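Read the figures in this text as sums done on the coordinates, not as results from a lab. Owing to the predicted nature of the structure, the values given are computational and were not obtained by experimental measurement. Neighbour counts run over all protein chains shown; Cβ positions are idealised from the backbone, glycine included.
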Amino acid sequence: MKNKKDYEEVLLNNKTMDDLIKMKIENEFKKNITNSNRKKQTRIITDIKKAPKDKIFTKAACFKIYNRITGTETMINGIQAEGMLGLQNTTRTKLLNGEISAFSTDDAYIKFEKLCLHS
């Protein structure tokens, strides 16, 4: 039911409450099906300055680690990167503000790579 006339028509046709609930559930079901069939858009942000602050330290973010001891590179998500920051609150603030895109620990260099946003 999309407008006021539909509601009036239903009320004037002596529909029971069960019928009204059933119609509402069917409409919501149809709406959910059309939304699920829609392709999801993925947007990749590689510049930390353009990334939303609330998404930098989430699973959607990707950071690259260079291990100085072993000389290997691996990828981690934002949650893991925030854990590696530890108590470096000034560095965390600079990352969130986009002032820097990388930081280092005793044995690793961590750099922001990308953020994948799904809509």
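With a threshold of 23 Å on the Cα-Cα distance, the over-threshold entries among Lys55/Lys94; Lys40/Lys64; Lys40/Lys111; Lys50/Lys94; Lys39/Lys111; Lys39/Lys64 are Lys40/Lys64; Lys40/Lys111; Lys39/Lys111; Lys39/Lys64. About the centre of its Cα atoms, the chain shows a dipole size close to 420 debye [charges on the beta carbon of Lys, Arg (+1) and Asp, Glu (-1) only; nearest 20 debye]. Using modelled amide H (1.01 Å from N, peptide plane; none on Pro or chain starts), what sits under 5 Å from the amide H of Ala108, excluding residues fewer than 5 places away? Here Arg68 satisfy the definition. Here P(r) over Cα pairs in 10 Å bins from 0, in percent was computed from the coordinates, and among (1) 13, 35, 22, 15, 13, 2; (2) 12, 30, 35, 20, 2; (3) 12, 30, 16, 11, 13, 12, 6, 1 the match is (3). Mean residue ellipticity, 222 nm, helices only, the chain: the sum of -39500 (n - 2.57) across DSSP H runs of n ≥ 4, divided by residue count and rounded to 500, is -12000 deg cm²/dmol. Simple spin-label estimate for Lys114 and Thr72 gives 2.3 nm between the two label positions (7 Å along the Cα-to-Cβ direction from each Cα).
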